[in-house]
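Step one of this worksheet: look at the structure below.
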Amino acid sequence: MAETNRVETTSVPECQRLHRALIQCHRHIPAGLARESACRHLNRALADCLVSVACPDELEAVRALCSSSGTSLKRSQCQQAQLSLALCLSSHQ
């Protein structure tokens with residue numbers, strides 16, 4: 001993992017435990033499909049944590065509006081919520 005990523009990630013206290021666990025997973029399992037499979041849940045959890053810290057309102061809107069299929073209005077609201085989340089995440093890059 002690049003030093004830049006470590007600094008950015010560990011500056012988010014809420015996600016430090018997950019970041020450390022993912023680093024340990026990468027250290028203990030050789031690169032390849034086995035690592036991808038074994039560390040996938042930690043990678044996903046860390047990503048979810050970082051997004052929830054960076055864009056909590058936008059993430060909640062996506063979860064609420066995109067959790068199930070529905071009317072065309074709900075699908076449209078889901079798409080709008082996804083766009084808002086993408087814009088929020090872009091603003092943090």
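Of note:
- If you go through segment 22-51 and pick out every residue that is within 23 Å of ARG63 (Cβ to Cβ), of a type outside the set (Val, Ile, Thr) and in contact (Cβ under 8 Å) with a residue 24 or more places away in the chain, you end up with 6.
- Complete set of residues in segment 30-44 that are within 19 Å of ARG17 (Cβ to Cβ) and aliphatic (A, V, I, L, M): ALA38, LEU42
- The residues of segment 62-77 that are closer than 21 Å to LEU50 by Cα, assigned to a helix (DSSP H, G or I) and of a type outside the set (A, V, I, L, M) amount to a single one, ARG63.
- Search result, residues across segment 32-82 that are under 20 Å from PRO13 (Cα atoms) and of a type in the set (Ser, Thr, Tyr): SER52
- Close pairs from segment 71-85: first on the phi < 0 side of the Ramachandran plot, partner of a type outside the set (A, V, I, L, M) and surrounded by 13 or more Cβ atoms within 10 Å (Cβ to Cβ), Cβ under 8 Å, at least 6 apart: CYS78/CYS66; ALA81/GLU58; ALA81/CYS66; GLN82/CYS66; SER84/GLU58; LEU85/CYS55; LEU85/GLU58
To keep it simple, each residue is scored yes or no on (1) among the acidic types (Asp, Glu); (2) at pLDDT 95 or above.
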site	(1), (2)
GLU3	yes, no
PRO13	no, no
ILE29	no, no
GLY32	no, no
ARG35	no, no
ALA38	no, no
LEU59	no, yes
SER67	no, no
GLY70	no, no
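The values are calculated or read from the model by the stated rules, or taken from the named source; none is laboratory data. No experiment lies behind these values; they were computed from the predicted model shown. A quick note on method: Cβ atoms are made from the backbone with ideal geometry, for glycine too, and the neighbour counts reach across all protein chains shown.
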